[in-house]
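Input: a single structure, listed below in structure tokens.
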Amino acid sequence: MTVSVAIVGSGPAGFYTAQALLDRGGGYAIDIIEAQPVPFGLIRFGVAPDHQTTKNVMKRFHKTALCEQVRFFGNVEVGRDVSVDELRHAYDAVVLAIGASDERGLAIPGGDLPGVYPSVAFAGWYNAQPQYRDLDPLLDRQAVAVIGVGNVAFDVA
């Protein structure tokens, strides 16, 4: 018996989930559903361009995507094109492998001034994510402040 699985999100969590199912042996039909027209999520759009070693994991994900049990459906947004309930009725299992998609503003004085950018938007812009192509950040400043100590903050700095 084949178990049909929908994985919503084609970033690392989605592809690691698909690979884990494939590693269990046959019996799975896996559909990866992604809002972007292309796969690999944060590896493609969230990792700084100078971190090619980190981006190499896409080679492994590409092999997973080429397995005959796996299909990719890009440019399909859950909530716009299909509902979670529709997926639950169409598949034996639904895995939501998505991260935060909304930008959180800074809850500090000045957090809404021109030149203040959420990391999601700025990282999306420098990685050529389509929805951030019009960001047009102010890059002609002598000094900047980067708030945060995570990977994106260090990439931006």
Suppose every Lys and Arg Cβ carries +1 and every Asp and Glu Cβ carries -1, with no other charges. What dipole size does the chain come out with about its Cα centre, to the nearest 20 debye?
500
Would you mind checking which residues have amide H under 5 Å from VAL82's amide H? H placed 1.01 Å from N; only 5 or more apart, or other chain.
GLU77
Within the chain, what whole-number % of the accessible surface is contributed by carbon and sulfur, with the 1.4 Å probe and all protein chains included in the calculation?
54
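Averaging over all projection directions, find the projected area of the Cα convex hull of the stretch 1-92 and quote it in nm² with one decimal place. Before the final figure, lay out each step's value.
Working: hull surface 24.3 nm².
Projected area, direction-averaged: 6.1 nm².
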Cα atoms only: what Rg and Dmax, in Å, come out for the chain?
18.1, 63
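Given R₀ = 30 Å, FRET efficiency for ASN75-VAL144 by Cβ-Cβ distance, to 0.05? Don't jump to the answer; show the numbers that get you there.
On the way: r = 34 Å, r/R0 = 1.14.
E(calc), rounded to 0.05, equals 0.30.
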Contour minus Cα-Cα span, LEU106 to ARG24, at 0.36 nm per residue, comes to 25.2 nm
If packing is taken as the mean number of other Cβ atoms within 10 Å per residue, what is the order of 4-17, 22-35, 75-88, highest first?
4-17, 22-35, 75-88
Take SER4, project a point 7 Å from its Cα along the Cβ direction, then tell me which residues of the stretch 47-85 have their backbone nitrogen under 20 Å from it.
67-85
For the stretch 115-157, what's the relative contact order in percent, using C-alpha pairs closer than 8 Å and at least 6 residues apart?
36
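Report, in deg cm²/dmol and to the nearest 500, the calculated mean residue ellipticity at 222 nm for the chain, where each DSSP H run with n ≥ 4 adds -39500 (n - 2.57) and the sum is divided by the residue count.
On the way: 7 runs with 51 residues, N = 157.
Using -39500 (n - 2.57) per qualifying helix, the result is -8500 deg cm²/dmol.
To the nearest 20 debye, what is the magnitude of the charge dipole of the stretch 58-124 about its Cα centre, counting +1 on the Cβ of each Lys and Arg and -1 on the Cβ of each Asp and Glu? Write out the running numbers ahead of the final one.
Numbers: 7 positive and 9 negative charges, 86 e Å.
That gives a dipole near 420 debye.
The values are calculated or read from the model by the stated rules, or taken from the named source; none is laboratory data. Quick caveat, the model's predicted, so the values are computed rather than measured. Counting neighbours? That spans all protein chains shown, and the Cβs are built from the backbone with ideal geometry, glycine included. Please note that ligands, DNA and RNA were not included when accessible areas were found on the heavy atoms of the full protein model with its side chains. Shrake-Rupley method; radii C 1.70, N 1.55, O 1.52, S 1.80 Å.
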